[in-house]
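Notes for the one structure printed next.
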Amino acid sequence: MFIAQNVVDGLLSYCNNLHPREGILLVRGKSFNKEIRINALMIPPLPIHSESYSSFPIHMLPLDTSILGTAHSHPNGVLRPSLEDLNNYFGKVMIIVGFPYRNEFDIEVFDREGNRAVYAII
């Protein structure tokens, strides 16, 4: 899996600006065979941000095959998905950004089962 540097920078900035509320974004890119390349972020329609959760009405998403999953912040700094995160998993990837949102070491990527995925920044 590959994530563009501008996506990493955007995630860190967005989450930092919303802290202490959770931020949520859609990640966009291309997926072919087993390779995933994330190259853009998108604010979901009507996002809700609170100190304990973030969400959006999934039925309002556009028909866009470039949407590969979601990214959201954990203001408590925990870089593991909660049961609620896994139950609301959407797409092929879930990115969690943990406080203090300084660099790529505050970002983890997970698959549908909650296993960490290896990624490289391009």
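Sort H74, H59 by accessible area with a 1.4 Å probe, largest first. Numbers along the way, then the final one.
Numbers: H74 15, H59 150 Å².
Ranked list, largest accessible area first: H59, H74.
Students sometimes get this wrong: rank Y119, Y101 by accessible area, probe 1.4 Å, all chains present, largest first. Show your work: numbers first, answer last.
Details: Y119 50, Y101 15 Å².
Ranked from most to least accessible, the order is Y119, Y101.
How much net charge surrounds K34 when only the other residues with a Cβ under 15 Å from the Cβ of K34 are counted, with Lys and Arg +1 and Asp and Glu -1? Could you put the intermediate results ahead of the total?
Working: positive: K30, R37, K92, R112; negative: E35, D111.
Its environment carries a net charge of +2.
Just flag the GluC sites (Glu not before Pro) in segment 32-88 sitting in loop per DSSP whose Cβ has no more than 16 other Cβ atoms within 10 Å.
Values: sites: E35, E51, E84; in loops: E51.
Those that pass, being in a loop and sparsely packed, are E51.
Which whole-number value in Å² is the accessible area per residue of the chain, probe 1.4 Å? Kindly include the intermediate steps, with their values, before the conclusion.
On the way: 6700 Å² over 122 residues.
Dividing the accessible area of the chain by its residue count gives 55 Å².
Considering amide H positions built from the backbone, and no H for Pro or chain starts, which residues 5 or more places from A117, or on another chain, come under 5 Å of its amide H?
It is V109, F110, D111, by chain and number.
So if we plug the beta-carbon distance of R102 and L63 into 1/(1 + (r/R0)^6) with R0 = 22 Å, what FRET efficiency do we get, rounded to 0.05?
Taking R0 as 22 Å, the efficiency between R102 and L63 is 0.05.
Can you give the accessible area of S31, probe radius 1.4 Å, in Å² rounded to 10?
About 40 Å², ignoring ligands and nucleic acids.
Given a 1.4 angstrom probe, I'd like the percentage of the accessible area of the chain that is carbon and sulfur, rounded to a whole number. Please report the intermediate quantities before stating the final value.
Details: 3610 of 6700 Å².
After summing per-atom areas, the C and S share lands at 54 percent.
Please report the net charge: other residues with Cβ closer than 15 Å to the Cβ of L12, K and R +1, D and E -1. List each step's numbers first, then the result.
Values: positive: R102; negative: D9, E22, E104, D106, E108.
Surrounding charge for L12 is -4.
Give the ranking of F32, F110, F56, F90 by solvent-accessible surface, highest area first, calculated with a 1.4 Å probe. Can you show the working numbers first?
Numbers: F32 95, F110 0, F56 35, F90 55 Å².
The ranking, largest first, comes out as F32, F90, F56, F110.
The values are calculated or read from the model by the stated rules, or taken from the named source; none is laboratory data. Just so we're clear, the structure is a prediction, and the values are computed from it rather than from any experiment. Glycine gets a Cβ as well: all are built from the backbone with ideal geometry, and neighbour counts include every protein chain shown. Calculation scope for accessible area: heavy atoms of the full protein, side chains included, ligands and nucleic acids excluded. Shrake-Rupley method; radii C 1.70, N 1.55, O 1.52, S 1.80 Å.
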